[in-house]
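Each remark here refers to the structure printed beneath this line.
The values are calculated or read from the model by the stated rules, or taken from the named source; none is laboratory data. Only a predicted model underlies this, so the values are computations on that prediction, with no experimental measurement involved. No Cβ is skipped: glycine too gets one built from the backbone with ideal geometry, and neighbour counts run over all protein chains shown.
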Amino acid sequence: MGPNSTARLTNGSLAAARSAWDPFRDLDEWSRRVFGRPVASGDASAARWTPAVDIAETDAEYAIRLDLPGLDREQVSVVVEDGMLVVSGERTVESEHRDAKVHRVERAHGAFSRRFRLPEDADDSAIAATFRNGVLAIALPKTPESKPRRIDVEVG
């Protein structure tokens, strides 16, 4: 899923809807999944950076985890607007290499934005996010009425 895609959580699955088809983005995503990096253009820093994401669901909440190595908490933004959870930020080029003769650059940098449609049963007023060791963890609690509960049937 690319940076211009919209994800929707439904019944524990992730459905993606692309805003526009971009064959180069698709090739880069395929290459990243198969080889762990985008297709070689000679400079991976020119490739679009899309942080990897894991999405899980329990009875109580949805959990989203994004790998954001090399970023600080201040470089990441988490916003809820119009039923969407938007995670964005930017990884900048390390200043220690600006004047050096660099032989190889494989780590992509630049701005990113990931958008996720909030499930109908998510309580957007109780979303919490933590950032630790380069991993952003977002908890989306479910509304109380959406949690499964057992109803006793009385004989009457």
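Of Pro51, Pro38, Pro3, Pro23, all but one fail to be touching a Leu at 6+ places or on another chain (Cβ under 9 Å) and modelled with pLDDT under 90; the exception is Pro38. One residue is enough: does the range 134-156 have a residue meeting the conditions more than 25 Å from Arg33 (Cβ to Cβ), within 15 Å of the chain's Cα centre (by Cα) and either of a type in the set (S, T, N, Q) or surrounded by 11 or more Cβ atoms within 10 Å (Cβ to Cβ) (or both)? Yes, the range 134-156 has at least one match. Summed over the range 103-124, the residues that are of a type in the set (A, V, I, L, M, F, W, C) and more than 14 Å from Ile64 (Cα to Cα) give a count of 4.
For Lys101, indicate whether it is among the charged types (D, E, K, R) and closer than 18 Å to Ala60 by Cβ. Judged against the criteria, Lys101 is not a match. If only residues of the range 54-75 that are part of a strand (DSSP E or B), of a type outside the set (A, V, I, L, M, F, W, C) and in contact with a Pro (Cβ under 8 Å, 6 or more places away or on another chain) are counted, the one that is farthest from Leu140 (Cα to Cα) is Asp67.
Taking first residues from the range 127-138 that are on the phi > 0 side of the Ramachandran plot and partners that are surrounded by fewer than 14 Cβ atoms within 10 Å (Cβ to Cβ) and modelled with pLDDT under 95, the Cβ contacts under 6 Å between residues at least 6 apart in sequence or on separate chains come to Gly134/Pro69. None of Ser95, Ser77 is surrounded by fewer than 15 Cβ atoms within 10 Å (Cβ to Cβ), small (Gly, Ala, Ser) and at pLDDT 90 or above except Ser77. Filtered by the rule that a residue be free of Cβ contacts under 8 Å to residues at least 12 places away in the same chain and polar (S, T, N, Q), the range 51-79 gives a lone residue, Thr58. The set of residues from the range 102-125 being of a type in the set (D, E, K, R) and more than 23 Å from Arg48 (Cα to Cα) comprises Glu120, Asp121, Asp123, Asp124.
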